[in-house]
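Structure first, commentary second.
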Amino acid sequence: MNPIRRAIFRSASCAALLLLFTGINAVAQTTQEHVHHMAGGVMPFDVSRTMHIFKMTESGGVQKVVANDAAATDQIALIRQHLQHEAQSFQHGDYSDPGALHGVGMPGLKELQLGAAKIKVSYAPLPEGAEITFETTDLRMLTAIHRWFGAQLSEHGADARAE
């Protein structure tokens, strides 16, 4: 093989190996690792220092975020600020933050965006964080809330639990 072909072959081989290993690393990342890694771009608090708690109810559900350390006043303030903003956005059908973190195809998300007028969303501070309550009498919206909560529980992994 002449030197030019050999150089082209080596360059192509290196490029193929780079793509192969880069692809393997991207695939090897779990959904939970992806959400944990991307959380900082959506949530101002440190997700590893908090717990997301999801409670499905007969009329919707309650999503809480609390600091793991009750003395972490910086995290508590950031949780409250973020959840208050999210509650206002959700009430108007803006679920862009969860879409950015979990993907726009997340179960229940599209239905929640389209049916926002059928859901009452309210915010409340908690001693160690805050909560958002979702209430509806519409069976489709109730199902969407429950599907969305279930997906978040799954995708947040160790940073979330059901109540």
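The values are calculated or read from the model by the stated rules, or taken from the named source; none is laboratory data. What you see is a predicted model, and the numbers here were worked out from it, not measured in a lab. Glycine gets a Cβ as well: all are built from the backbone with ideal geometry, and neighbour counts include every protein chain shown.
Here are the numbers for this structure:
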item	result
Residue match in the stretch 81-99 (condition: small (Gly, Ala, Ser) and in contact with a strand residue (DSSP E or B) (Cβ under 8 Å, 6 or more places away or on another chain))	yes
Residues being outside any helix (DSSP H, G or I) and farther than 19 Å from Lys64 by Cα - total across the stretch 134-163	2
Some residue of the stretch 125-133 being buried (at least 18 other Cβ atoms within 10 Å of the Cβ), in a loop (DSSP other than H, G, I, E, B) and more than 14 Å from the chain's Cα centre (by Cα)	yes
Residue check for Gly60: modelled with pLDDT of 95 or more and at positive phi	yes
Qualifying residue in the stretch 34-56 (condition: modelled with pLDDT of 95 or more and over 15 Å from the mean Cα position of the chain (by Cα))	yes
Residues satisfying the stated conditions in the stretch 111-124, i.e. closer than 12 Å to Thr143 by Cα and outside any loop (DSSP other than H, G, I, E, B)	Glu111, Leu112
The stretch 77-133: number of residues that are more than 15 Å from Phe149 (Cβ to Cβ) and among the hydroxyl-bearing types (Ser, Thr, Tyr)	4
Some residue of the stretch 84-102 being exposed (fewer than 15 other Cβ atoms within 10 Å of the Cβ) and at pLDDT below 80	yes
